[in-house]
1. Pairs only if they're at least six apart or on different chains, beta carbon under 6 angstrom, first in the range 41-57 and farther than 14 Å from A79 by Cα, second assigned to a helix (DSSP H, G or I) and at pLDDT 95 or above; list them, first residue then second.
2. Just for the range 14-26: of the residues that are in a loop (DSSP other than H, G, I, E, B) and either modelled with pLDDT of 95 or more or out of contact with any helix residue (DSSP H, G or I) (no Cβ under 9 Å at 6 or more places or on another chain) (or both), which one is surrounded by the fewest Cβ atoms within 10 Å (Cβ to Cβ)?
3. Go through the range 60-90 and give me each residue that's farther than 16 Å from D37 by Cα, in contact (Cβ under 8 Å) with a residue 40 or more places away in the chain and either of a type outside the set (S, T, N, Q) or buried (at least 16 other Cβ atoms within 10 Å of the Cβ) (or both).
4. Can you tell me which residue within the range 36-93, out of those that are outside any strand (DSSP E or B) and of a type in the set (F, W, Y), is nearest to L104 (Cα to Cα)?
Amino acid sequence: MQSINGTVRGFCKYPLAGSLWARNSCSKLFVGGLSYDTNETVLKNAFERHGEIIEVRVVARHVSEKSRGYGFVRFTSEASAIAALKEMHSRVLDGRNIRVEFTLKG
């Protein structure tokens, strides 16, 4: 643990993810390279076999509500997130190779 500006943060380092800062745990994944047709249901279905999911979000443009091509998946545990990252990174989802990384913030 390390303190930055009075906030205690854990240091998480995993293969494929590089060195990243996260609050308390590394259970939130960034998923990039999504098809513009991929919605939250499709994303959840693809990742849920790796563990219990707390939150799934596909980021969309405010006006058109069209996907920006990336989203986030938060698991209940680091172990589930690690398993999902290892299994899903560079996999094909909706016809696109996705990239999966740990987020910079928890």
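1. V56/E40; V56/L43; V56/K44
2. Of all residues in the range 14-26, those in a loop (DSSP other than H, G, I, E, B) come to 15-17, 23-26.
Next, only the ones that are either modelled with pLDDT of 95 or more or out of contact with any helix residue (DSSP H, G or I) (no Cβ under 9 Å at 6 or more places or on another chain) (or both) stay: 23-24.
Details: R23: 14, N24: 12.
So the residue we want is N24.
3. Across the range 60-90, the qualifying residues are V73, R74, F75, E78, S80, A81, I82, A84, L85, K86, M88, H89.
4. Of the residues in the range 36-93, the ones outside any strand (DSSP E or B) are 36-52, 61-66, 76-91.
Subset that is of a type in the set (F, W, Y): 36, 47.
On the way: Y36: 23, F47: 20 Å.
For the range 36-93, the residue satisfying everything is F47.
Per-residue answers, yes or no, for (1) within 10 Å of the chain's Cα centre (by Cα); (2) at pLDDT 95 or above; (3) among the charged types (D, E, K, R):
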site	(1), (2), (3)
E40	no, yes, yes
I54	no, yes, no
R57	yes, yes, yes
F75	yes, yes, no
A81	yes, yes, no
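The values are calculated or read from the model by the stated rules, or taken from the named source; none is laboratory data. From a predicted model like this one, the values you see are computed outputs, not experimental measurements. Positions of Cβ are backbone-derived with ideal geometry, glycine not excepted, and every protein chain shown enters the neighbour counts.
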